[in-house]
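The values are calculated or read from the model by the stated rules, or taken from the named source; none is laboratory data. Everything quoted here is computed from the prediction, not taken from an experiment. Cβ sites come from the backbone with ideal geometry, for glycine too, and all protein chains shown count toward neighbours. Side chains are part of the model used for accessible areas, which takes the heavy atoms of the whole protein and leaves out ligands, DNA and RNA. Shrake-Rupley method; radii C 1.70, N 1.55, O 1.52, S 1.80 Å.
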Amino acid sequence: MTQQSSDTNLEQFVQVLKQLVEAVTVLAAQEEQMAQAAALSQHHLINGFLKQEQAQLLKLRGLEQKRIRQASLMGWEDLTFQQILDQAAPEQVSVLSPVFTDLDRQIKRLLNARDSADKAIRLRMREFDAAIGAMQGRNPDDVEFSRKNTSSHFQNKYV
């Protein structure tokens with residue numbers, strides 16, 4: 001690989017990473033809004049947030065595919081961000097490190113927002129279940145709402 005093509009590939013890789021940071025930032029903000037809506041019992045807003053989230057997830061998946069292709073061109077296929085930094089030349093590290101740090105920060109924000117939204121939604125579901133149970137003559141304390149066997153679709157396998 002020539003120096004010029006290596007530089008171009010690095011620039012394209014960094015550009016994709018910056019787009020990932022932006023997409024994760026938007027997704028985190030959407031999750032935070034959903035958590036707030038659930039906490040404030042604004043259930044009518046949640047469906048709209050879920051639709052926005054689905055669109056943003058599609059964008060994120062496309063960007064992840066681009067990131068994988070660009071990493072492969074750089075010889076960094078299947079490497080974590082830390083492994084890339086360990087293998088990269090010093091001038092590449094100075095460019096990559098701040099972007100990886102931003103991405104890591106936004107992924108952590110997203111995971112925290114996702115957890116908050118899940119907790120708020122589970123609480124509201126339990127309240128609904130209790131209200132329905134009370135209307136059916138059941139003791140509200142006997143109601144159990146659980147999201148067992150559900151997994152989050154967010155994974156941070158590259159950091």
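Just a few scattered comments:
- Extension gain, Glu64 to Arg105: 0.36 nm times the residue separation minus the Cα-Cα distance gives 13.1 nm.
- Fraction of accessible area attributable to carbon and sulfur, the stretch 1-60 (%, probe 1.4 Å): 53 percent
- Local net charge near Glu11, Cβ-Cβ under 15 Å (Lys/Arg +1, Asp/Glu -1): +2
- Mean projected area in nm² (Cα convex hull; one quarter of hull surface) for the stretch 16-91: 6.0 nm²
- Over the stretch 24-78, relative contact order from alpha-carbon pairs under 8 Å, at least 6 apart, %: 32 percent
- Within the chain, longest stretch free of exposed GluC sites (Glu not before Pro) [DSSP loop, at most 16 other beta carbons within 10 Å]: 1-76
- Calculated [θ] (222 nm, deg cm²/dmol) that DSSP helices of n ≥ 4 give over the chain, each run adding -39,500 (n - 2.57): -27500 deg cm²/dmol
- Rolling a 1.4 Å probe across the protein heavy atoms gives the chain an accessible surface of 62 Å² per residue.
- Relative to the longest principal axis of the Cα atoms of the chain, the long axis of helix 3-39 lies at roughly 10 degrees.
- Correct choice for Rg/Rh (Cα atoms, Kirkwood Rh) that was computed from the model, options (i) 1.12; (ii) 0.95; (iii) 1.15: (iii)
- Label-to-label distance for Arg126 and Val95 is 5.0 nm, based on points extended 7 Å past Cα in the beta-carbon direction.
- Note on the chain: lysine pairs with Cα distance below 14 Å, sequence gap of 8 or more or different chains, count 5.
- For the chain, size of Cβ-based charge dipole, Lys and Arg +1, Asp and Glu -1, in debye: 400 debye
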